[in-house]
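Remarks on the structure that follows.
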Amino acid sequence: QVQLVESGGGLVQPGGSLRLSCTASGRTFSSYAMAWFRQAPGKEREFVGAMHWSGGSAYYESSMKGRFTISRDNAKNTAYLQMNGLKPEDTAVYYCAASAAWGKAAPADYNYWGQGTQVTVSS
């Protein structure tokens, strides 16, 4: 089992930045690909991006590439999502997730989930 806890959400003005954290406990964190998803009210859960367990590779949903950056520190069992240039349409609950498989973008491919952290972009 892997337990994931997100933090760092909040209210930010359009154009602002936030960094979300996802801290893991349980099985070896460095064995899992870490991903971020988001879900806005009334919408399906949406893939944001994922990072390889080594930290050497990452891929993103095309509309977020360039604004959002995923990183990880395996020594701290923590993954991060740096979000810049935030827009009101980025408002959502953001979730981190872990998978033993690489290259996945569907929620069903991720075995472990955090509880989510709310990000609200508004003036």
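The values are calculated or read from the model by the stated rules, or taken from the named source; none is laboratory data. What you are looking at is a predicted structure, and each value in this text was computed from that prediction instead of being measured. Quick reminder, even Gly has a Cβ in these numbers, built from the backbone with ideal geometry, and neighbours come from all protein chains shown. With ligands, DNA and RNA removed, areas are computed over all heavy atoms of the protein, side chains included. Shrake-Rupley method; radii C 1.70, N 1.55, O 1.52, S 1.80 Å.
Values computed for the structure shown
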{"quantity": "Counted charge near Ser17, where neighbours are those whose Cβ lies closer than 15 Å (Asp, Glu -1; Lys, Arg +1)", "calculated": "+2"}
{"quantity": "Nearest-20 debye value, the chain charge dipole, Cβ charges on Lys, Arg, Asp, Glu", "calculated": "160"}
{"quantity": "Bridge type composition, the chain - antiparallel percent by DSSP, nearest 5", "calculated": "90"}
{"quantity": "Loop-located GluC sites (Glu not before Pro) in region 22-73 whose Cβ has at most 12 other Cβ within 10 Å (DSSP)", "calculated": "Glu44"}
{"quantity": "Å² per residue, accessible surface of region 14-123 at 1.4 Å", "calculated": "47"}
{"quantity": "Tyr59 long-range amide H proximity, modeled H, under 5 Å", "calculated": "Ala50"}
{"quantity": "Cα-projected label distance for Ser57 with Lys43, points at 7 Å along beta-carbon direction, nm", "calculated": "2.8"}
{"quantity": "Apportionment of accessible area to carbon and sulfur, region 1-99, percent (1.4 Å)", "calculated": "47"}
